[in-house]
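Worksheet: one structure, shown below.
Taken together, the values in this text are just the output of simple stated rules run on the coordinates, not laboratory data. Everything numeric in this text was worked out from a predicted model, so none of it was measured. All Cβ positions, glycine included, derive from the backbone under ideal geometry; neighbour counts span all protein chains shown.
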Amino acid sequence: MKIKLIILLITIITFINIISAAFIFFNIQIVQAPETTITMDILEVDSNKAVVKTIMNVYNPNNFEIITKNLRIVTTTIDGTEISQADAKGGLIKPFENKTYSSISTVRYEGRNPENLKSKITGEIGIKTWFIEKTLPLSVNVITSIGELLSNLVSPDINIKVGFGEITQKQVNMNFSIDIYNPNNFNLSIKDIVIEINNDLDILVGSLILPDTDIIAKQDTSIKGNGSIIIEALNADELIVDMNANIIGHIAGYSKTIPFALKTTILVPDLEELFPSTFSTDAVIRSDYSFTFFGLKSDITFELRNPNNIEFKIKDITVEVFRVDKNTKRKVSEGTIESGVLKPNNVTILKGSLVIPYRKIFIPPFGGKIIPEWLEVAIRANITVQGLNNYFWVGMIGYQDFHILKKDKAYKDPEIIDWM
């Protein structure tokens, strides 16, 4: 009896499987391929590689369970070069439900453009019931884009420092220091660097080409360079510095170039800052006195030696004479000296004269002597380089011992105290 029961059960199960198998073979032809979506998330990127998380979302559009097996996603460039591969085990997917598979892989683009990639999904799809399973090959091509990877390129932080150097008759030497910080996780290169300098009238007054430079990820670097501007550029209040270059991001083995431009302004320093001590010890004041009907006439000789290789203009030269008695000083006369040109490495003599009224020089202050102890001579002038409209102010104070009443008319050259 038991044997007959067992045989009956086996017969029923076999019949059921035959019916199921027939159903499977009949319906396998009408199985709708699952709807598959692929996304790629960039987890990490540097100059040599990118770590990519590939997510595959599979939707079962059938009204019965399907099975997926041996899923593999191979991503290639347009020219067919494989750059990544990800595997997923697969499994059962219930009717009208989604199942998500993910895998992490390393991507190297080896110089190929990753803007548009092709991902191919291979594996098996089918129906399984009881002990019988039927699958068919699966092959789906998907065009993917990971332009987001390239959008991660952030322009470097750039700071331009400019210094003024030696001045010649035609130009002003300049030194440049460009400090660059790379905020990216991958290396950058900066190439084709051109710096143009314009004045406030948008006229080009100088330019500079700097060497190509590599910038390590998350690090600073500095580019040094020298250039010049024409001397007339100093007539402006400020100069405009235009920097243009190409920034190249080295991302996971692929290089992307973006144009870069930076504009900044620099103030033109005052001329006295560029000539801090031009005439500090190269001027002499001399004065010869004679009696006239209106007063004591002073013929002033202003002798200047220009030790530079630049020609200067000097104008608006004023002279003031003071009577000095111990700690008392009062102005007794003033006048002017002719303008002139100071030739390079040469001595220039300029002359002028003034009259000191007798009442101012021979009427002493209370308690003082008739003859003053000293005469203080102060000279002020405006000086500039030929070709410039801007002047800088200089001044000199000298003292002359007052011995004009002596027969030998002995004089003492003035001591140059200071330029102001």
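Structure data summary
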quantity	calculated
Cross-link pairs Lys191/Lys218; Lys49/Lys120; Lys53/Lys191 - those with Cα-Cα distance over 28 Å	Lys53/Lys191
Segment 216-318: Cα Rg divided by the 2.2 N^0.38 Å rule of thumb	2.10
Whole-Hz couplings from phi, Karplus 6.51/-1.76/1.60, listed for segment 54-63; x for Gly and Pro	9, 10, 10, 9, 10, 10, 8, x, 8, 8
Peptides ranked, highest mean first, by Cβ atoms within 10 Å: ranges 348-356, 375-383	375-383, 348-356
Radius, Kirkwood style, for segment 157-269 when every pair of distinct Cα atoms is counted (Å)	14.9 Å
Packing-based exposure ordering (other Cβ within 10 Å, fewest first) of Leu271, Leu204	Leu204, Leu271
Phi-based couplings in Hz for segment 72-80 (Karplus 6.51, -1.76, 1.60; Gly and Pro marked x)	9, 10, 10, 9, 10, 7, 4, 7, x
Residue order, fewest to most beta carbons within 10 Å, for Thr265, Thr318	Thr265, Thr318
Interchain or long-range residues, amide H under 5 Å from Ser333's placed H	Val321
Placed amide H near Ile251: partners under 5 Å, 5+ positions off or other chain	Lys256
Rounded to whole Hz, the Karplus (6.51, -1.76, 1.60) HN-Hα couplings of segment 295-311, x for glycine and proline	x, 7, 8, 10, 8, 9, 10, 10, 9, 10, 10, 9, x, 9, 8, 10, 8
Length-normalised contact order of segment 277-401 in % [C-alpha pairs under 8 Å, at least 6 apart]	26 percent
Cβ-based exposure ranking for Tyr181, Tyr391, Tyr254, in which fewest neighbours within 10 Å come first	Tyr181, Tyr391, Tyr254
Potential extension, Asn346-Lys315 segment - 0.36 nm per residue separation minus Cα distance	9.4 nm
Per-selection Rg to Rh, segment 277-401 - Cα, Kirkwood hydrodynamic radius	1.04
